[in-house]
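The structure appears right after this line, and notes come after that.
The values are calculated or read from the model by the stated rules, or taken from the named source; none is laboratory data. Remember, it's a predicted structure, so these values are computed and weren't measured experimentally. Note: areas computed on protein heavy atoms with side chains; ligands, DNA, RNA excluded. Shrake-Rupley method; radii C 1.70, N 1.55, O 1.52, S 1.80 Å.
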Amino acid sequence: NLKESILSLFHKLFCCYNRVIYHNICVFTIKKDNLSLEALCEVRADVCNQLGYKYDLKSNYKKARMYYQKGAIGSENEGYKESCYNLGLLLDNGLGGDKDEAMALLLWEDSCKKGLDLACHNIAALNKQEIYYNKDIQKAREYYQKACELEYSKSCFVLANPYFGEDG
């Protein structure tokens, strides 16, 4: 939409005056504004996800988990499904706290329902490989199909395999 593109460009230009843009988020650098990424995380799940990812890369899983959790609990704006997915990864592997596979699965299923292609693909693989779920090829096919519809190419490739669902 042309109107949205113009408004976005205007916002970025306006934002750059004594400010910094971080992942399309206007971050104020003037001290009197006193707004940081941590403060933005309180209202934007995408910022929480980015902060979580930053600490995830540094192997500070406890802090990463905290930010992913804020993003997953916060409003369901952009970044919510990613925060849920990433929190699920930490919970599944017991990084930054207790291992909780059941909660990880719930978070991944929610991420998939909200349209995160990777979450759908991974749930399909878990169903196909009998990890956490009873082996269910039909359910795996449905999740692969959803991920493929969300343009996740690996899922489309799996579905194109003529031997999909066969053992061996």
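When segment 132-158 is limited to residues that are of a type outside the set (S, T, N, Q) and open to solvent by less than 30 Å² (accessible area, probe 1.4 Å), the one that is farthest from residue 81 (Cα to Cα) turns out to be 140. The residue of segment 101-131 that is modelled with the highest pLDDT, among those that are open to solvent by 60 Å² or more (accessible area, probe 1.4 Å) and outside any helix (DSSP H, G or I), is 114.
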